Amino acid sequence: MDQKTFDELSLFCVKVRRDILQMLMKVGSGHLGGSMSIVELMSVLYGKHLRYDASNPLWEDRDRVVLSKGHAGPAWYATLAEKGFFDRNMLLTLNEGGTNLPSHPDRIKTPGVDMTTGSLGQGTSTAAGIATALRMKGSDRRVYLIVGDGELNEGQCWEAFQYIASNKLNNCIVIIDWNKRQLDGSLEEVINPFDIAKKLEAFGFATQQVNGQDMNAVDEVLTIAENTKDTAVAIILDSIKGAGIPFFETYSGNHSVKFSAPEVKKAADEALAQYEKILEGSEV
Ligand SMILES: Cc1ncc(C[n+]2csc(CCOP(=O)(O)OP(=O)(O)O)c2C)c(N)n1
């Protein structure tokens, strides 16, 4: 991508990270790590790849996004707000009673949310269903399916992947957020995932691996996936849980963060101040 686009998308990441922090700090806790790891992906997807109309979220000819790791909803909400799907002020209603931004995405409640998720595994099957429907209708639109690496412990993922690969549903781009950690530890500590790329390849996916925080590289692999013919496609996003804030990248409790701990609050406040400074300097 050209430098101007890169700079715009970088700034977008700062806004999204600021929004995520503000939302979660208002609630007092929340899924910070898995939200931060997909910020660059969201920026590149919504900045360069997805076809959508923020003023008409149900536009028939839109591409669809299924955030199967639904607990990362805050990253999606911030992205949608910054793209104009709804007012940014709504972000601070996260998790409140009667909100349109529940902790996990709900397609009935939130403009731009194409599928309800949160029960891990299920988004893989619903995305496969949407991709099948699009193909049956003769549409060239795509589904971008974002799956957690811990989520892969759900057998349902592999049933859906077998179906996607068997039917060569390459209009369903499977993206695994390989941030190496899940709820209560590393992937290996919980249950050995073995070689995820090899497993996907064995299922018949054309599989690419990419640095999830490198927007140029993410852009490139998405373009390759979109242009792949006759086989299902998967991307392994080699990402960092808590990416963007050094404290949270190494913090063992970075899955669901409680901001009551003084060192956590301090790290979050400092990151927020840094984001505000960058955004002031950019005159946006
Ligand atoms: C069916 C189901 N079981 C358990 C949970 C609780 N849960 C929420 S997040 C999570 C860990 C997910 O790890 P991963 O997919 O790696 O997410 P990330 O690290 O990207 O946040 C678990 C077990 C759930 N949401 N759904």
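The values are calculated or read from the model by the stated rules, or taken from the named source; none is laboratory data. Nothing here was measured: the structure is a model prediction, and the numbers come from that model. So basically every Cβ, Gly included, is an ideal-geometry build from the backbone, and we count neighbours across all protein chains shown. Accessible surface areas use protein heavy atoms only, side chains included; no ligands, DNA or RNA. Shrake-Rupley method; radii C 1.70, N 1.55, O 1.52, S 1.80 Å.
Out of Gly185, Gly148, which single residue is touching an Asp or Glu at 6+ places or on another chain (Cβ under 9 Å), closer than 30 Å to Glu249 by Cβ and either touching a residue at least 24 places away in the same chain (Cβ under 8 Å) or within 13 Å of the ligand (Cβ to nearest atom) (or both)? After ruling out the rest, the residue left standing is Gly148.
For the range 106-119, the criterion of a residue being part of a helix (DSSP H, G or I), under 16 Å from the mean Cα position of the chain (by Cα) and within 16 Å of the ligand (Cβ to nearest atom) is satisfied by no position. Residues in the range 215-230 include none that are buried (at least 16 other Cβ atoms within 10 Å of the Cβ), of a type in the set (Lys, Arg) and either more than 14 Å from the ligand (Cβ to nearest atom) or in a loop (DSSP other than H, G, I, E, B) (or both). The C-beta contact set for the range 33-58 (first residue basic (Lys, Arg), second residue open to solvent by less than 20 Å² (accessible area, probe 1.4 Å), distance under 7 angstrom, 6+ apart or interchain) comprises Lys48/Asp219; Arg51/Asp63. Scanning the range 239-265 for residues that are assigned to a helix (DSSP H, G or I) and either among the hydroxyl-bearing types (Ser, Thr, Tyr) or open to solvent by 80 Å² or more (accessible area, probe 1.4 Å) (or both) yields a count of 5.
Taken as a whole, the condition of being open to solvent by 10 Å² or more (accessible area, probe 1.4 Å), under 16 Å from Tyr144 (Cα atoms) and away from the ligand (no atom under 16 Å from the Cβ) does not apply to Gly84. Looking across the range 151-181, the residues that are within 21 Å of Lys48 (Cβ to Cβ) and either within 14 Å of the ligand (Cβ to nearest atom) or open to solvent by less than 10 Å² (accessible area, probe 1.4 Å) (or both) come down to Cys172, Ile173, Val174, Ile175, Ile176, Asp177.
Among the residues making up the range 4-50, none is on the phi > 0 side of the Ramachandran plot and among the charged types (D, E, K, R).
Here Ala268, Ala202 are screened, and the one residue that is small (Gly, Ala, Ser), at pLDDT 95 or above, more than 16 Å from the ligand (Cβ to nearest atom) and open to solvent by less than 70 Å² (accessible area, probe 1.4 Å) is Ala268. If the condition is being within 19 Å of Leu50 (Cβ to Cβ) and open to solvent by less than 30 Å² (accessible area, probe 1.4 Å), then the range 131-150 contributes Ala131, Leu134, Val143, Tyr144, Leu145, Ile146, Val147.
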